[in-house]
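The values are calculated or read from the model by the stated rules, or taken from the named source; none is laboratory data. Quantities reported herein were computed from a predicted structural model and do not represent experimental measurements. Here Cβ is always computed from backbone atoms with ideal geometry, including for glycine, and neighbour counts include all displayed protein chains.
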Amino acid sequence: MRVARYFIIAWSTFLIGGAINTLMVLGYLPNVFLTMYASQIGSALEVGLLSLALADRINAMKEERTRILQDTGRKLEALNQELANSNRLKDEFLATVTHELRTPMNGVIGSLELMQTLPMDDELQQYQRTAAGSARDMMRLVNDILAMTELQAGKLYPRREPFSLRGLVDSLRVQFASRAEEKGLVFELGLDPRLPDTLEGDAGKLGQALGYLLDNAIKFTSRGGVSLKVSGQTPAEGSLALSFEVTDTGIGFASPPDGLIYRRFYQLDGSMTREYGGLGIGLALSQQLVELLGGSLTHRSLPGHGSTFSLDLVLRLPAQVQAELARRPEGPARRRPEQCTVLVVEDNAINQLVTRGMLLKLGYRVCTADNGAEALERIRREPIDAVLLDCQMPVMDGFATCRALRAMPGCADLPVLAVTAHSHSGDRERCLAAGMSDYMAKPVKFEELRAMLHAWLLCRPLASERTHG
């Protein structure tokens, strides 16, 4: 509307100037300065007004563009917020789903562990091994998804605590040697004997990162072998630079550009997913865990000639090693399992049934409680020699239960073994802070349960020898 007014006035001045000049030429108006130059004055006014119209139009366009950009920015901000919320909800959903999947999988794996104690013919043993292997593979996938969601959400933090380097390597040997043997592969571990055993760092995340590398090495190797070699520089200034090398004789690969191999869900060949399985997140998780620990992960590989992944990390040497967990009793057993009563505190009926079955197979007397409050009441009424305590429970969780239990007369030294799904990365610290004696990860393994109860129960005096309030 404003531009139209500018044009009307501009053309009007031009026409009026021309009309005045024409009337002067015809003799109707006197020949003076204004009448003589009326056309030029009208043209000048026209040019000025049209310039103002153009400037106004340009300003209007700028204002319109600014408004559009602001509207677009607000829409993008709202969209980004919506995407962030969707991503957060997705991570929460994945974390919830994986946690819920762990519960039935714990029951499946525990039941298959119990089947190993039964007499079976060769055919049934083969079925049992196949089912157990498939269940463990499923649990590994669930754990991978859970680790990915925790890393994406920034819920994982490195811990600094004393740990045994040889213990870490031994646990990896136990975890992967049998899998390598099943494929006919040679599995080798090399640990420099000059390295100190006690270091300070996050053994859990380091073991997890190495586990992903070993898992990939075994998965993509059909003949030959897989090795893990641990070396280090001379300790200096209270720290030690370690290098973990995972080498295989597998299919190898040509390195893609820009570190694509460490990208989540990236596969060098789409057919690999169908041939080898997996989610394609192992290397990505391994690199993220290593970076979280302040280390670096590199690789070298050639197609058909295997691969080598090098994990380099600097760990502290503790000035004074103090065990965070109470030391497990050692020595010969002082009593038999049938003399011991174990209380299983577990809200999930399947997990409770499986754990109870394992304990009965081991010869222990077993009683159960569905929550912490019920467990405390049972401990007040009956002599209990040990407690297997689930960390996540309704009514009263395992941490609050243990703190209340420790305050009861005669229960300061009662063995309380936490059973945690590790669904939250801070569970271990909370177990220690709550006063628990030791802890096990779900799914509970039959041999691990046997060894832990032997240490904490069979080497200790009977509950009847202690005073209960």
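Anything in region 300-319 that is surrounded by fewer than 18 Cβ atoms within 10 Å (Cβ to Cβ) and not polar (S, T, N, Q)? List them, or say none.
Result: R300, L302, P303, G304, H305, D312, V314, R316, L317, P318, A319.
Filtering region 134-154 down to residues that are in a helix (DSSP H, G or I) and exposed (fewer than 14 other Cβ atoms within 10 Å of the Cβ), which residue is modelled with the highest pLDDT? Please lay out each step first, then the result.
First, the residues of region 134-154 that are in a helix (DSSP H, G or I): 134-152.
Now restrict to residues that are exposed (fewer than 14 other Cβ atoms within 10 Å of the Cβ): 134, 137.
Working: S134: 85, D137: 80.
Out of the qualifying residues, it is S134.
Quick check, is P383 assigned by TED's automatic domain parsing to the domain that holds D347, surrounded by fewer than 21 Cβ atoms within 10 Å (Cβ to Cβ), under 11 Å from V342 (Cα atoms) and touching a residue at least 60 places away in the same chain (Cβ under 8 Å)?
On the way: assigned by TED's automatic domain parsing to the domain that holds D347: yes; surrounded by fewer than 21 Cβ atoms within 10 Å (Cβ to Cβ): yes; under 11 Å from V342 (Cα atoms): yes; touching a residue at least 60 places away in the same chain (Cβ under 8 Å): yes.
Here the answer is yes, as P383 does meet what is asked.
Which residues, counting only those in region 148-207, are closer than 17 Å to V230 by Cα and hydroxyl-bearing (S, T, Y)?
S164, S171, T198
Please enumerate the residues belonging to region 288-308 that are over 19 Å from G250 (Cβ atoms) and not small (G, A, S). Write out each step before concluding.
Filtering region 288-308 for residues over 19 Å from G250 (Cβ atoms) gives 288-296.
If the condition is that a residue be over 19 Å from G250 (Cβ atoms) and not small (G, A, S), then Q288, L289, V290, E291, L292, L293 are the ones that fit.
Here is a list: V290, V342. Which entry is outside any loop (DSSP other than H, G, I, E, B), closer than 30 Å to V246 by Cα and at pLDDT 90 or above?
Numbers: V342 fails: closer than 30 Å to V246 by Cα.
Just one listed residue meets the conditions, V290.
Need a quick list: strands (runs of 3 or more DSSP E) entirely within region 351-453 having at least 3 residues that are under 27 Å from Y157 (Cβ atoms).
In region 351-453, 416-420, 438-441 are the strands (runs of 3 or more DSSP E) which contain 3 or more residues that are under 27 Å from Y157 (Cβ atoms).
Please determine whether any residue of region 138-160 is on the phi < 0 side of the Ramachandran plot and over 21 Å from the mean Cα position of the chain (by Cα). Before the answer, list the steps.
Residues of region 138-160 on the phi < 0 side of the Ramachandran plot: 138-153, 155-160.
Checking the rest, the ones that are also over 21 Å from the mean Cα position of the chain (by Cα) come to none.
The answer is no, given that none of the residues of region 138-160 is on the phi < 0 side of the Ramachandran plot and over 21 Å from the mean Cα position of the chain (by Cα).
Would you check if there is a residue in region 316-327 being closer than 30 Å to E374 by Cα, out of contact with any Gly (no Cβ under 7 Å at 6 or more places or on another chain), part of a loop (DSSP other than H, G, I, E, B) and modelled with pLDDT of 90 or more? Step through it out loud before you land on a result.
At the first step, the residues of region 316-327 found to be closer than 30 Å to E374 by Cα are 324-327.
The next check asks that each one be out of contact with any Gly (no Cβ under 7 Å at 6 or more places or on another chain); those that pass are 324-327.
Among the residues that remain, those that are also part of a loop (DSSP other than H, G, I, E, B) are: 324-327.
From what's left, modelled with pLDDT of 90 or more: none.
Checked region 316-327: no residue is closer than 30 Å to E374 by Cα, out of contact with any Gly (no Cβ under 7 Å at 6 or more places or on another chain), part of a loop (DSSP other than H, G, I, E, B) and modelled with pLDDT of 90 or more.
Return the pairs, sorted by first residue and then second, in which the second residue is of a type in the set (D, E, K, R) and assigned to a loop (DSSP other than H, G, I, E, B), the first residue lies in region 136-154 and is under 17 Å from A209 (Cβ atoms) and not assigned by TED's automatic domain parsing to the domain that holds K442, the beta carbons are less than 8 Å apart, and the residues are 6+ apart or on different chains.
Pairs found: M148/R264.
Just to check your reading of the model, which residue among A95, A60, A84, A78 is in contact with an Asp or Glu (Cβ under 8 Å, 6 or more places away or on another chain) and either in a helix (DSSP H, G or I) or modelled with pLDDT of 90 or more (or both)?
Values: A60 fails: in contact with an Asp or Glu (Cβ under 8 Å, 6 or more places away or on another chain); A84 fails: in contact with an Asp or Glu (Cβ under 8 Å, 6 or more places away or on another chain); A78 fails: in contact with an Asp or Glu (Cβ under 8 Å, 6 or more places away or on another chain).
That would be A95, the only listed residue that is in contact with an Asp or Glu (Cβ under 8 Å, 6 or more places away or on another chain) and either in a helix (DSSP H, G or I) or modelled with pLDDT of 90 or more (or both).
Inspect region 22-38 for any residue being in contact with a Gly (Cβ under 8 Å, 6 or more places away or on another chain), more than 30 Å from L146 (Cα to Cα) and of a type in the set (G, A, S) and give the result as yes or no. Don't jump to the end; show me each part of the working.
Filtering region 22-38 for residues in contact with a Gly (Cβ under 8 Å, 6 or more places away or on another chain) gives 38.
Going one step further and asking which of them are more than 30 Å from L146 (Cα to Cα), we end up with 38.
Then keep just the ones that are of a type in the set (G, A, S); that gives 38.
Looking through region 22-38, at least one residue is in contact with a Gly (Cβ under 8 Å, 6 or more places away or on another chain), more than 30 Å from L146 (Cα to Cα) and of a type in the set (G, A, S).
Got at least one residue in region 80-97 being in contact with a Leu (Cβ under 7 Å, 6 or more places away or on another chain), surrounded by 10 or more Cβ atoms within 10 Å (Cβ to Cβ) and within 24 Å of S134 (Cβ to Cβ)? Full working, then the answer.
Residues of region 80-97 that are in contact with a Leu (Cβ under 7 Å, 6 or more places away or on another chain), as a first pass: 95.
Within this subset, residues satisfying the condition of being surrounded by 10 or more Cβ atoms within 10 Å (Cβ to Cβ) are 95.
Checking the rest, the ones that are also within 24 Å of S134 (Cβ to Cβ) come to 95.
Yes - at least one qualifying residue is present in region 80-97.
Step by step: first the residues of region 406-440, then only those that are of a type in the set (G, A, S), closer than 26 Å to L101 by Cα and surrounded by 16 or more Cβ atoms within 10 Å (Cβ to Cβ), then the one that is modelled with the highest pLDDT. Which residue is that?
Taking region 406-440 first, the residues of a type in the set (G, A, S) are 407, 410, 412, 418, 421, 423, 425-426, 433-435, 437.
From what's left, closer than 26 Å to L101 by Cα: 418, 421, 423, 425-426.
Subsequent filtering for residues that are surrounded by 16 or more Cβ atoms within 10 Å (Cβ to Cβ) retains 418, 421, 423, 425.
Values: A418: 89, A421: 67, S423: 46, S425: 48.
Checking each candidate, the answer is A418.
With G48, G107, G73, G42 as the choices, which residue is small (G, A, S), surrounded by 10 or more Cβ atoms within 10 Å (Cβ to Cβ) and assigned by TED's automatic domain parsing to the domain that holds G133?
Numbers: G48 fails: assigned by TED's automatic domain parsing to the domain that holds G133; G73 fails: assigned by TED's automatic domain parsing to the domain that holds G133; G42 fails: assigned by TED's automatic domain parsing to the domain that holds G133.
Residue meeting the stated conditions: G107.
Residue check, S164 against (1) touching a Ser or Thr at 6+ places or on another chain (Cβ under 6 Å); (2) surrounded by fewer than 16 Cβ atoms within 10 Å (Cβ to Cβ), all met but one. Which one?
(1)
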